[in-house]
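Below you'll find the structure, written out as C-alpha cells, and then a few comments.
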Amino acid sequence: SSTGASLHIKCTDASIIDKSQRYNIDLGSTSIVGHSETKWSGENSISINSNSNNANLITLPAGVLDASNPFTIEMWLKTLSGSTSGFWSIYTDATNLMRLRMRSDDRLEFYHRSGSYEQEILDATNTYLLNNTDFYHVAVTRDANSVFYLHQNGIKLGNFTASANYNSSAAPFIIGKSQPATERYMQGYIQDFRITQGLARYTAADETSNIPTAPLEG
C-alpha cells in the first residue's frame, strides 16, 4: 500500500489525484491525461509529452520534499523517447538541485548538488538500460546516513554519501523534465508516483522482492 506516503499521484478514469490528500497538483497543460497504457491491467497511467510542449509538466508545491532528510521517490515509468529525457527535478538554483533523467546511451542518471559538491549515480556496467516497450520501477532513496541510492526494477545501480545536504523544502518539485543546465523533457507514461518522507524504502543491492507487485492503493 502507499501507507506513510507524503505524496502519491495516481490517475483514475476521470482525474489525476494525490491519494495522500496533502497537496494540490498543478497540471501545466490539459494534454496531461490518463491513459490505458499501464503496468497493471485495469489501471490508468499518466501520459506526459513535454517533448512536444514544454508546458506539459506536473508541478508540486514547495514542501513536498526535504532532501536533507531520509526519503524515497519512486514510480513505474515507461519512456517513449529515443534520446535524452528528463523525468523529474527539484531546483533551487544552479548549485542546489536534484534530477533524474535518461542519458543519450539509455542509462538512468541521478544527479545531486549542494553548493560546490556535485555527485551522481548511473549504472557503471552499462547493463541496465531503458527501452520504449517496458515499464520500469525506478526509485531514488536517501537514508539516515546521507547515503543516496538509485534502483531500477529493484536492482541497485549505485550509491554515494552526500558531501553536503541539499534542503529542498522551499523548492517546487517538477515531474516531466530535468534541469539545469540544458533542460530535458520526456514522452511516456508514469504510474503510481510516490514520495515517502522520513523512510528509506530501498537500500539493499537487490530489492526485487520489495518493489510493488500490484497497484498502490493506500
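The values are calculated or read from the model by the stated rules, or taken from the named source; none is laboratory data. All of these numbers come straight from a predicted model, not from anything done at the bench. Because the Cβ atoms are built from the backbone with ideal geometry, glycine has one as well, and the counts that use them run over all protein chains shown. Remember, those area values only see protein heavy atoms, side chains included, never the ligands or the DNA or RNA. Shrake-Rupley method; radii C 1.70, N 1.55, O 1.52, S 1.80 Å.
Potential lengthening of the chain between L80 and T133 amounts to 18.3 nm, from the contour at 0.36 nm per residue minus the alpha-carbon distance.
Per residue, how much accessible area does the range 102-218 show when a 1.4 Å probe rolls over the protein heavy atoms, in square angstrom?
41
Only one of the listed values, (1) 1.21; (2) 0.97; (3) 0.92, was derived from the coordinates as Cα Rg over 2.2 N^0.38 Å; which label is it? Here Cα Rg over 2.2 N^0.38 Å agrees with entry (3).
Quick one: pull the percent of accessible area on the chain belonging to carbon and sulfur, 1.4 Å probe, ligands and nucleic acids left out. For the chain, the apolar C and S fraction of the accessible surface comes to 42 percent. For T161 and T125, the FRET efficiency from 1/(1 + (r/R0)^6), where r spans their Cβ atoms and R0 equals 25 Å, is about 0.75.
For the range 54-135, the residue among L122, T95, A55 whose Cα projects farthest onto the positive side of the dipole built from Cβ charges is A55.
Between E217 and S104, the simple label model (points 7 Å from Cα in the Cβ direction) yields a spacing of 4.6 nm. Working from Cα pairs under 8 Å separated by at least six residues, relative contact order for the chain is 30 percent.
Between I25 and D93, the modelled label-to-label distance comes to 3.2 nm, taking each label 7 Å out from Cα in the direction of the beta carbon.
Each Lys and Arg contributes +1 and each Asp and Glu -1, all at the Cβ; summed about the Cα centre of the range 141-218, the dipole is approximately 180 debye.
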